[in-house]
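This report refers to the structure that appears directly beneath it.
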């Protein structure tokens, strides 16, 4: 059965007293994120703040540019924050556990360095009862513009080079399980074949040295999401593996005042090889 534990700046979801998801809303207000993610009794698959990209935080949500404000990276400690924004936890709307699921619903404000709020966000994360080898997590994001127009943008460049296509939800995998194997819904396995291509889902699979078992995570794009099936932004090399649905890979989203954008994803953790039937 599920349990949900709260501390001052974090929430922990456990299944039969074994942690499966941590949700953090740090005191520094930079952004909420999920870490670790793992099957019950299994080793963590995600990584928080790796040295190469300290803004990669397990499973997180951010945006390269919102009204020309950077919400993806963060300024270095003590550096000028001009041009940067934070995704600041406002409140916990609800916490629920049942025999079949545990859910967290929160409210966040996307605030720039001048304390202007560009977006109000409602985030819902639901962990569903695991089976022996799988666990599913539903993630729902509603981003609502305040009293001004909002452009959720990207910076274009050469794919795989200096392109800046990343915006939205992403997962950074623990360096200890890199590189692994990628697979998308269309059977592509090479990073540059997947990069920028539309597909209903994408998975990462690798053997974990902690127990020598094979684990993976897939992200499934919800069929009602705008621009479904989503383009993907991926990396798969030693000490750097990431999968990320990138709905603004080709063009930005534009929101009028008080207009909302909703994005939904299913995240599947599994033991063994990826099962396309499970991701359908």
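The values are calculated or read from the model by the stated rules, or taken from the named source; none is laboratory data. Source: prediction; values computed, not measured. Glycine gets a Cβ as well: all are built from the backbone with ideal geometry, and neighbour counts include every protein chain shown.
Going by the conditions given, is residue 254 in contact (Cβ under 8 Å) with a residue 12 or more places away in the chain and either part of a strand (DSSP E or B) or under 21 Å from residue 119 (Cα atoms) (or both)? First the steps, then the outcome.
On the way: in contact (Cβ under 8 Å) with a residue 12 or more places away in the chain: yes; either part of a strand (DSSP E or B) or under 21 Å from residue 119 (Cα atoms) (or both): yes.
Taking the combined requirement at face value, the residue satisfies it.
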Worksheet, complete the sentence: Scanning segment 66-76 for residues that are in contact with a strand residue (DSSP E or B) (Cβ under 7 Å, 6 or more places away or on another chain) and part of a loop (DSSP other than H, G, I, E, B), the one surrounded by the most Cβ atoms within 10 Å (Cβ to Cβ) turns out to be 71
Worksheet entry | Per-region count, segment 226-247, residues assigned to a loop (DSSP other than H, G, I, E, B) and either free of Cβ contacts under 8 Å to residues at least 12 places away in the same chain or under 15 Å from the mean Cα position of the chain (by Cα) (or both) | 3
Worksheet item: assigned to a loop (DSSP other than H, G, I, E, B), at pLDDT 95 or above and at negative phi - does that describe any residue in segment 48-65?
Response: no
Worksheet item: What do you reckon, is residue 94 loosely packed, with under 12 Cβ neighbours inside 10 Å, touching a strand residue (DSSP E or B) at 6+ places or on another chain (Cβ under 6 Å) and in a strand (DSSP E or B)?
Response: yes
Worksheet item: Does residue 78 satisfy the condition of being over 20 Å from residue 153 (Cα atoms) and at pLDDT below 95?
Response: yes
Worksheet item: Would it be correct to say that residue 41 is surrounded by fewer than 17 Cβ atoms within 10 Å (Cβ to Cβ), at pLDDT 95 or above and not in a strand (DSSP E or B)?
Response: yes
Worksheet, complete the sentence: Filtering segment 186-225 down to residues that are touching a residue at least 60 places away in the same chain (Cβ under 8 Å), surrounded by fewer than 20 Cβ atoms within 10 Å (Cβ to Cβ) and farther than 17 Å from residue 42 by Cα yields 200
